[in-house]
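Peer 1: Dumping the structure here so I can ask a few things about it.
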Amino acid sequence: MRKIAIRIDDITPGMDWVKFSRFAGLLDRYGIRPLIGVIPKNADPMLEAKEGRNPAFADPSAYAAWLKERREAGWTIALHGYRHVYRTKRSGLFPLNSFSEYAGRPYEWQRKALEAGRKALRALGADTDIFMAPAHSFDLNTLRALKDAGFRYVTDGFGSAPYLRDGLCFLPISFLRSRELKEKDGVTTFVLHTWEMEDADFARYEELFRTQRERFIDYSELLSMKAEERGAAENAAEYLAAKGKHLASVLKDPGSAKAPLNVRTRKPSGNGKIRVLQVIGGLSVGGAESRIMDILRLLDREHFQYDFLLNEAPGFYEEEAKALGCHVYRTVKYRFYNRARYEREMREFFATHPGIDIVQGHSTNTAALYLPIAKAAGVPVTIAHARSAGVDPGIKGALVKLTRRGLAKKTDYCWACSGEAAEAVFGAEAAKAGRVRLIPNAVDLDRFAPLKEHLEAGEDLRRTMKLGDKLVVGHVGRFHYAKNHEFLLECFAEIRKKRDAVLMLVGEGELEAQIREKARALGIEKSVIFTGRQGEPAPYYQAMDVLVFPSRYEGLPGTIVESQASGLPALVSESVTKDVKVTELAEYLPLTKSPTAWAEEALKLADRYPRTKRAELSRCTEQLKKAGFDVKSQVRMLEQLYREMLDAKDR
């Protein structure tokens with residue numbers, strides 16, 4: 001009489017516990033102790049039940065207590081993958097299906113995922129050395145990684161007894177249940193998914209346990225059986241049998257050949273999150289960094305995870321990002337001459353960090369290098385996100401253009417903050433062909449609106465700085481070539497000839513010392529205020545009378561969005577995209593005009609929109625919201641885009 005063990009797949013805190021408990025009750029009634037496959041970090045929404053959930057298991061300690069109780073009752077636990085998300089169309093060594101979480105992925109990725117999964121189970125008090133592959137798919141890299149990660153058993157394969165292969169003990173599953181019930185000797189495993197079971201299934205198993213109880217054994221008994229080495233011919237026969245069974249299922253149901261849409265066709269819950277890796281230089285108070293942080297603060301962090309890959313020293317926002325649950329990683333900074341090392345470190349990073357769903361690359365200077373590396377490591381979706389419409393002058397800028405050449409063809413998706421940034425980074429051909437999605441740099445507009453408390457904060461700042469009734473000319477931005485602070489100082493020197501004024505410079509950067517020296521050379525250093533970096537710039541906008549922004553190039557400057565939201569008039573260089581002009585408060589002037597002409601226009605703006613009447617300009621904040629510049633709306637749009645891009649990859 002063939003002996004039969006029971007295996008139950010897809011155990012998660014958010015599964016249908018009503019159906020599971022119904023079947024578990026049958027097992028307990030007939031004294032059958034099964035193997036259960038536990039998914040440590042489930043991201044498969046198909047396994048997150050709409051009905052039948054156990055609210056108590058939202059608490060990890062309650063879930064861990066249940067696992068402990070089952071183990072003490074004689075049940076056996078296996079690691080059932082890591083996230084149960086199919087990322088390749090490989091069938092591997094046991095081709096019952098044509099998709100996999102593991103097969104086709106690099107060895108380093110697989111080992112890291114197995115180690116991470118086992119660590120997660122260990123944290124639940126459920127350590128195991130048994131592996132249960134999602135979709136029954138694994139390859140030689142999987143077997144090698146399993147051994148190196150300390151696993152001893154694999155619950156898969158066909159046969160009538162446990163067998164040894166590549167240093168692991170395989171515990172066979174049934175080829176055809178009806179045939180197994182007719183066999184006179186040997187052992188097998190029935191594989192069940194309780195969330196799929198209907199009343200007829202429960203009745204059939206109850207009848208089977210009642211009438212043939214002597215066939216069924218505890219899974220621990222299967223583990224104790226002697227296993228013998230199996231040869232290449234038997235392995236080949238197993239492969240052909242699995243392939244044949246797969247083809248038969250496809251002929252019966254052609255739709256079964258497709259990987260199930262198990263990547264967030266609805267929101268994941270429990271431990272499942274869409275992981276988006278943000279690649280950017282650092283987390284200082286820059287435009288792109290501030291925009292990313294605005295999104296992060298409002299992100300649905302129950303279902304989405306932002307992490308960061310940086311190459312600069314810790315910046316202003318880093319601790320806040322960590323407090324919001326982000327992981328921060330670092331790699332070497334690209335220096336043109338260290339390309340081999342840079343690419344090697346990127347390959348090592350992606351090989352050893354499994355589970356990344358999307359790489360969003362804001363560092364487009366090197367995105368043509370690291371995005372293909374991420375793709376080759378198995379990351380499903382890559383995005384190059386252009387946030388600037390220019391490069392530094394000289395050989396450095398020429399090398400940047402060379403490095404990112406062909407970027408539009410080396411990434412899945414091209415995003416840009418403006419049409420100018422799209423053409424500068426991806427090329428005119430890609431931009432005109434509609435390959436680039438324009439996503440404006442949105443901000444938290446309500447933080448800047450000219451409300452009573454914000455206006456009072458600006459006046460308090462003016463009193464603290466003892467500015468009195470002086471005209472305050474302002475600028476917010478890092479000290480960088482693109483910002484053209486030299487020209488700004490020359491404009492302010494002309495303004496000083498006509499008004500009692502001060503220049504307020506908010507920001508920091510590598511050219512600050514040079515700008516201080518320029519102010520001394522112009523004899524205006526006592527009228528220039530260097531505030532340093534400010535994590536909360538809103539009061540500074542309210543303290544200003546006019547903003548002057550003579551940039552040489554930009555992507556889509558958040559500063560001009562923030563100034564308009566604040567009710568602050570801004571004089572902007574024509575080198576800046578017109579996409580950012582949403583309200584009457586932004587006016588443009590070419591850099592070919594003299595500093596005197598810029599000074600005259602800045603004074604006209606300040607007089608036209610006096611600070612004392614700023615409360616009347618709250619309409620500008622609403623205009624920006626309607627134009628799509630409010631981060632509260634944009635973050636929901638981004639979440640939907642992330643889902644759609646992942647779903648498209650799995651169809």
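Peer 1: Let me make sure I get this right: for the stretch 564-651, a, b and c are the square roots of the gyration tensor eigenvalues over alpha carbons, sorted descending. Under 1.5 in a/c it's rounded, otherwise prolate if a/b > b/c, else oblate. Which is it?
Peer 2: Here the stretch 564-651 falls in the oblate category.
Peer 1: Same structure again: Roughly how many Å² of residue 327 are accessible to a 1.4 Å probe, to the nearest 10?
Peer 2: Roll a 1.4 Å probe over it and residue 327 shows about 90 Å².
Peer 1: Taking a probe of 1.4 Å, how large is the accessible area per residue of the stretch 503-587, in Å²?
Peer 2: Per residue, the stretch 503-587 has 32 Å² of solvent-accessible surface.
Peer 1: Is the C-alpha gyration tensor of the stretch 172-217 telling us rounded, prolate or oblate? Criteria: a/c under 1.5 is rounded; beyond that, a/b larger than b/c is prolate, otherwise oblate.
Peer 2: oblate
Peer 1: Let me ask something else about it. Which GluC sites (Glu not before Pro) does the stretch 418-523 hold that lie in a coil by DSSP with at most 16 other beta carbons within 10 Å?
Peer 2: Of the GluC sites (Glu not before Pro), the ones in loops of the stretch 418-523 whose Cβ has at most 16 other Cβ atoms within 10 Å are 510.
Peer 1: Let me ask another. Would you indicate which of [x] 27.4, 95; [y] 28.7, 88; [z] 31.0, 105 is the value of Rg and Dmax of the Cα atoms in Å derived from the coordinates of this structure?
Peer 2: Among [x] 27.4, 95; [y] 28.7, 88; [z] 31.0, 105, the one calculated here is [z].
Peer 1: Please get the size of the charge dipole for the stretch 418-489, origin at its Cα centre, with Cβ charges of +1 on Lys and Arg and -1 on Asp and Glu, quoted in debye to the nearest 20.
Peer 2: Dipole of the stretch 418-489, to the nearest 20 debye: 120 debye.
Peer 1: Note down the magnitude of the dipole of the chain about its Cα centre, charges +1 on Lys and Arg C-beta and -1 on Asp and Glu C-beta and zero elsewhere, to the nearest 20 debye.
Peer 2: 1040 debye
Peer 1: Quick one: order 579, 44, 392 from most to least accessible surface, probe 1.4 Å.
Peer 2: Ranking 579, 44, 392 by accessible area, largest first, yields 579, 392, 44.
Peer 1: Add -39500 (n - 2.57) for each DSSP H run of 4 or more in the chain, then divide by its residues: what number comes out at 222 nm, to the nearest 500 deg cm²/dmol?
Peer 2: Mean residue ellipticity at 222 nm (helix-derived): -11500 deg cm²/dmol.
Peer 1: Kindly identify the stretch 333-411 as rounded, prolate or oblate by the Cα gyration tensor criterion: order the square roots of the eigenvalues as a ≥ b ≥ c, call it rounded if a/c is under 1.5, otherwise compare a/b with b/c, prolate if a/b is larger, else oblate.
Peer 2: Because a/c hits 1.5 or more and a/b fails to exceed b/c, the stretch 333-411 counts as oblate.
Peer 1: Shifting gears a bit: Under a 5 Å amide H to amide H cut-off, with H placed in plane at 1.01 Å, what residues pair with residue 588 once short-range neighbours are removed?
Peer 2: Distant-sequence amide H within range of residue 588: 572.
Peer 1: At a probe size of 1.4 Å, how large is the accessible area of residue 223, to the nearest 10 Å²?
Peer 2: Rounded to the nearest 10, the figure is 40 Å².
Peer 1: Rounded to the nearest 10 degrees, what's the angle between the helix 232-252 long axis and the longest principal axis of the chain, both from Cα atoms, 0 to 90?
Peer 2: Tilt relative to the chain: about 70 degrees.
Peer 1: Evaluate the relative contact order of the chain (contact order divided by residue number), counting alpha-carbon pairs under 8 angstrom at least 6 apart; express in whole percent.
Peer 2: So the answer I get is 12 percent.
Peer 1: Please list, ordered by chain and number, the residues whose modelled amide H lies under 5 Å from the amide H of residue 474; skip anything fewer than 5 residues away on the same chain.
Peer 2: Residues meeting the amide H criterion: 504, 545, 546, 547, 548.
Peer 1: Where does helix 512-522 land angle-wise versus the long Cα axis of the chain, in degrees 0 to 90, nearest 10?
Peer 2: 10 degrees
Peer 1: Toward the positive end of the charge dipole of the stretch 537-651, about the Cα centre and with charges on Cβ (Lys, Arg +1; Asp, Glu -1), which of 551, 570, 629 goes farthest?
Peer 2: 629
Peer 1: Which whole-Hz couplings ³J(HN,Hα) result when phi for each residue of the stretch 320-336 is put into the Karplus expression 6.51 cos²θ - 1.76 cosθ + 1.60, θ = phi - 60°, listed in order with x for Gly and Pro?
Peer 2: 5, 4, 5, 5, 8, x, 7, 8, 10, 10, 9, 9, 5, 7, 6, 10, 6
Peer 1: In square angstrom, rounded to the nearest 10, how much accessible surface does residue 553 have for a 1.4 Å probe?
Peer 2: The value for residue 553 is about 30 Å².
Peer 1: Express in whole angstrom the spacing between the alpha-carbon centres of the stretch 441-506 and the stretch 175-246.
Peer 2: 75 Å
Peer 1: Moving to a separate point now. For the stretch 112-120, what does the Karplus curve 6.51 cos²θ - 1.76 cosθ + 1.60, with θ = phi - 60°, yield as ³J(HN,Hα) per residue in whole Hz, taken in order and with x for Gly and Pro?
Peer 2: 4, 5, 5, 5, 5, x, 5, 5, 5
Peer 1: Let me know the charge dipole size of the stretch 512-607 about its Cα centre in debye, to the nearest 20, where only the beta-carbon of Lys, Arg (+1) and Asp, Glu (-1) is charged.
Peer 2: 320 debye
Peer 1: Show 633, 388 ordered by accessible area, largest first, where the area counts protein heavy atoms only and the probe is 1.4 Å.
Peer 2: Reading off the accessible areas and sorting them downward yields 633, 388.
Peer 1: Let me ask something else about it. What's the center-to-center distance, using Cα atoms, between the stretch 568-600 and the stretch 312-338 in Å?
Peer 2: 34 Å
Peer 1: When the label point is put 7 Å from the Cα of residue 516 along its Cα-to-beta-carbon vector, which residues of the stretch 531-550 have a backbone N closer than 17 Å?
Peer 2: Backbone N within reach: 531-534.
Peer 1: Take residue 122 and residue 633, extend 7 Å from each Cα along the Cα→Cβ direction, and tell me the distance between the two endpoints in nm.
Peer 2: Modelled inter-label distance: 5.0 nm.
Peer 1: Hand me the trypsin sites (Lys or Arg not before Pro) from the stretch 359-455 located in a DSSP loop with no more than 12 other Cβ atoms within 10 Å, in residue order please.
Peer 2: Loop-located and lightly packed - 405.
Peer 1: Then there is this: In terms of solvent-accessible area of protein heavy atoms at a 1.4 angstrom probe, what is the ranking of 596, 128, highest value first?
Peer 2: The ordering from most to least exposed comes out as 596, 128.
Peer 1: Enumerate the residues in the stretch 376-401 having an amide nitrogen under 13 Å from the point lying 7 Å beyond the Cα of residue 339 toward its Cβ.
Peer 2: 399-401
Peer 1: Taking 8 Å as the Cα distance limit and 6 or more residues as the minimum spacing, I'd like the relative contact order of the stretch 157-248 as a percentage.
Peer 2: It rounds to 33 percent for the stretch 157-248.
Peer 1: What relative contact order, as a whole-number percentage, does the stretch 501-651 give when Cα pairs under 8 Å and 6 or more residues apart are counted?
Peer 2: 19 percent
Peer 1: Then there is this: Compute the long axis of helix 485-496 from its Cα atoms, compare it with the longest principal axis of the Cα atoms of the chain, and write down the angle in degrees, 0 to 90, nearest 10.
Peer 2: 40 degrees
Peer 1: Moving to a separate point now. For the stretch 500-651, what is the convex hull (Cα atoms) projected area averaged across all directions, in square nanometres?
Peer 2: 11.7 nm²
Peer 1: Within the set 526/625; 119/322; 3/41; 466/581; 322/518; 466/625, which residue pairs have Cα atoms separated by over 30 Å?
Peer 2: Exceeds cut-off: 526/625; 3/41; 466/581; 322/518; 466/625.
The values are calculated or read from the model by the stated rules, or taken from the named source; none is laboratory data. The structure displayed is predicted, hence computed values, not measured ones. As a convention, Cβ positions derive from the backbone with ideal geometry for all residues, glycine included, and neighbour counts pool all protein chains shown. Accessible surface areas use protein heavy atoms only, side chains included; no ligands, DNA or RNA. Shrake-Rupley method; radii C 1.70, N 1.55, O 1.52, S 1.80 Å.
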